[in-house]
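The values are calculated or read from the model by the stated rules, or taken from the named source; none is laboratory data. Note that this is a predicted model, so its numbers are computed, not measured. Please note: Cβ atoms are built from the backbone with ideal geometry, for glycine as well, and neighbour counts cover all protein chains shown. Heavy atoms of the whole protein, side chains included, go into the accessibility calculation; ligands, DNA and RNA do not. Shrake-Rupley method; radii C 1.70, N 1.55, O 1.52, S 1.80 Å.
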Amino acid sequence: MHDIPRSLTAVNSDFWTECLRLCFSALLSSAVNRCSLSLLQNLTEEHLDTPSPLPTMADSMDIDDSLYSRQRYVLGDSAMQQMAQSSVFLSGMGALGVEIAKNIVLAGVKAVTLHDCKRCEVWDLGTNFFIREEDVHSQKKRVEAVHSRVAELNPYVQVSVATDVLDENTDLSFLKRYQCVVLTETKLSLQKQIDCFCHSQQPPIKFIGCDVFGICSRVFCDFGEAFEVSDPTGEEPKELFIQNISQGNPGVVTCMDSRAHGLQTGQSVCFKEINGMSELNGSTHQVTVLSPYSFAVGDTSSFQPYAHAGIFRLVMMPKIFTFETMEQQLSDPRLLTPDFSKPEAPLQLHTIMLALDAFLEQHARLPNIGCMQDAELLLKFTEEVSRTLKNKVSFAQLVRSVSCCARGCLSPLAAAVGGIASQEVLKALTGKFSPLQQWFYLDAIEVIQPLQSLPAEEFAPRGDRYDALRACIGESLCLKLHKFQVFMVGCGAIGCEMLKNMALMGVGLSRCSGEICITDPDLIEKSNLNRQFLFRPQHIRKPKSTTAAAASLEINPELQIDAHLNKLCPATEDMYSDAFFSRLNLVVTALDNVEARRYVDSRSVSNQKALLDSGTMGTKGHTEIIVPYLTESYNSHRDPPEEEIPFCTLKSFPAVIEHTIQWARDKFESAFSHKPSIYNMFWQSHSSAQEVLQVRIILHTMEGSFQVIKLLSRRPTQWNHCLALARLKFDKYFKKKALQLLHSFPLDTRLKDGSLKITKCVYLYQHIETDETVKKPDQLKMTVSSEEERQAISQLQEAIISSFVTPERLRMTPLFFEKDDDSNGHIDFIASASALRAHMYAIEAADRLQTKRIAGKIIPAIATSTAAVAGLVSLELIKVAGGYGFELFKNCFFNLAIPVMVLTETAPVKRTQIRDDISFSIWDRWTIFGHEDFTLSDFMNAVKEHTTIFESSSFSNSPGVKQLSFTIIESD
């Protein structure tokens, strides 16, 4: 390989990135296979002169990572592949059906058949976000109206329609071509018949029945008599280091640093990288827990003595779930309880909704809105149903509440239940996560509790798109929603779902002087399309906020939306001032980081505005409701800070793959972002290379410019120069650093407690062959010695004389890490560098997908949990608009994988007691309006107008010191 010439020239930084990416990838292969540098020397001249893009690192399965990357981290490739081979039959295109259709199409099943026989009505405009006014005017069938809009959500999914009547006389054999059948808006008798058919097939067709009646909803699952789940929890098994393993029967494993293992007796673990007791490596053993930090694994008495190191990992074992048919489950249902403050609610709702089914079967309709005669009739049906159940509960008052609004629909409730039911569909198709067994009921009784004394006229239909909502919450509360002034920060996945829900409910209508103001500085990326359903491929690289606003207006043209492209932060407080906040009724966060939430919360508290916060991570979700004077704020509690990787661990002693990936990410930032930025800043502050040369000759030093000249001298002119430089980098990081570390800390170096300093052998240098005749070019051997500084001055002088230094060559293009562009080489560089370092320390390397998640700090995400969390938050929005009391608000945490949902009361605001009769909270304040000549005396007098606070006071006016002291004695 030729030496790099002394010419100082410029090479585009994208080219430089491609060079290092190529060389690190090639050198990784050569290191593992003990190939020499001749591998690179044998590249053809064509490759050297005209660099071409590397072949993409194709996955073993045909999964579009640019679209599905966030979901892949939730489900895994095996589940994604199973979904891509599965077909779903979905009946009913009302509020709940269209939600399920949206979510499973976004998820990427193979095919979905949408079934419905009804025609579009004005009512549907407030419940179905894919039905438009022109569909109602033309009396189009609902399924035909939504078909194209559902299909365009995902080009990989085949979406078809069916409009034939589905009843008791239908030949159900057509269902055999589907892996899952989902019924909504279907009579109970037909649900039982279809479930029985599905349950009897071999293998069983998975069956899910869902309904929403006004303020109550249900989901039922039947996946057959023996449904195998490969991963019941979805949690990534932790790897823990071993402190010791005893020789005995049983052998006892002790965790390093007294870290809790989190295991349960009966679970299995596998071992690796153990020195000494190597018989355990690669083996799997069932554990018996002895303490939080130790467990037994069977007989180790015949094994070699344990020496040091080793890792164990929990092995996920398949689990079998059994299901009964709907007919079998009616009298003694297995119920999930979401709200432990209402433990009897699931059985109450089970009884009442079965009574609604009986009412519908007999009268071919649901109870009329606000009709007390129908309520009493429903009560009789409920009593009859109750007599058939194994367990009994009281239900009289709840029956009347359900009856009065059973014909209505709360679109947020449909969104929440649609997200939950959609996740069950994905479980049915993939065997990933624990399925629901077997009934789930969710109610919104708190939404209507304060409204039950209103006259029936409040809930009567008016022939507009809000009739379904009005049937539940009344006209007065609908008007409050129409007049609402909402500020939503963030237009990502949750933001899109929130806009959809607000559009269906008519939040912020222009004719009522309401408004939704949204802001988000981000542009739409392809990976967003998998969850942010308001966006389409043609919207990529367009602003999220303006695009989401336009899509929301298609759902409801009556909205007033003001879309901004700003970040909400201290730098934009002139735009989002206290005056801006003063006109708001509510703030909604749809953010993906804690610090941004804390800032929005602080602004909401200082301006005494209610805040709705929510978030998701994979199948987990949370909601938090913050109401002035009633609840604590987001900043009232703090999560423990994330553990940072110690610098010495990153630099010299990595132990897990996360350490090597972070090291590689740091190298990327240094080489392609930080150093080029410093380079540009230097030349921006110096008019020319001649000026730099003159100053350095006079001062006889390169101080302040040595690194810049070093960078300038390293800039290659040809492709083979890039290869040589990458080869030298490889030798520096993956051979010489190892040798230096072993020189400083030999493998037998021990700490004070006797444990080894280096528990993983640094051995890469023993396994690579390099061409030691390749020497570092003179201009690259630049240390901070005076001799090298003089050489650098000489090189710069020579370059100026030779006219190699031009203004164009004094600029670099810094690269900023972008994880979602697979063509830019960023992840490839980090994956290669990380794998090399992992091999160096005997750490199991990560694949490209895992590297991308860790390096990019990607939060796993899926549309099902996003829809559920936004629906739950939107229910709380109604309560905020109604000015409800503290006891009616609900926070929520859920994990759809297990599945579990926990609804709790919000945390009450904490008050600080000053005296027996005086206290204050974060919400209390006095507002005092000053003026240009406002004095301290004016301030004291203004305070006294609000409250008598001075029992005694003193004022110090020493030179340079001004201090007022007082004692609070009374508060208004």
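Tabulated data
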item	result
Most to least packed among 197-207, 814-824 [average Cβ atoms within 10 Å]	197-207, 814-824
Difference of contour (0.36 nm per residue) and Cα-Cα distance, ASP167 to GLN449	97.8 nm
Highest average packing first - 667-674, 586-593, 497-504, 609-616, Cβ atoms within 10 Å	497-504, 609-616, 586-593, 667-674
Ranked by how many other beta carbons lie within 10 Å on average, peptides 858-865, 406-413, 174-181 from highest	406-413, 858-865, 174-181
For segment 239-315, share of DSSP beta bridges that run antiparallel, in % to the nearest 5	95 percent
Under-5 Å amide H pairs with SER919, H placed in peptide plane, nonlocal only	ILE914
1.4 Å probe accessible area per residue over segment 298-380, in Å²	46 Å²
Where only C-alpha atoms are counted, convex hull volume of segment 68-229 per residue in Å³	128 Å³
Within-12-Å neighbourhood charge of TRP439 [Cβ basis; K, R +1; D, E -1]	-3
Rounded accessible area of LEU728 (nearest 10 Å², 1.4 Å probe)	40 Å²
With every protein chain in place, segment 451-563: carbon and sulfur % of accessible area (1.4 Å)	52 percent
Cα-projected label distance for SER513 with PHE174, points at 7 Å along beta-carbon direction, nm	5.4 nm
Estimated FRET transfer efficiency (HIS686, GLN718; beta-carbon r; R0 45 Å; 0.05)	0.95
Interchain or long-range residues, amide H under 5 Å from ASN244's placed H	THR254
Fraction of accessible area attributable to carbon and sulfur, segment 239-315 (%, probe 1.4 Å)	47 percent
Those lysines that a straight Cα-Cα span of less than 29 Å connects to LYS206, excepting residues fewer than 8 apart in one chain	LYS102, LYS110, LYS118, LYS141, LYS176, LYS187, LYS192, LYS319, LYS390, LYS427, LYS432, LYS620
Segment 163-275 - share of DSSP beta bridges that are antiparallel (%, nearest 5)	65 percent
Extension gain from GLU327 to PHE893, taking 0.36 nm per residue of separation minus the Cα-Cα distance	200.6 nm
Distance in nm between pseudo-label sites at ASN635 and GLU573 (7 Å out along the Cβ direction from Cα)	1.0 nm
Local electrostatic count, PHE213, Cβ distance below 11 Å [Lys/Arg +1, Asp/Glu -1]	-2
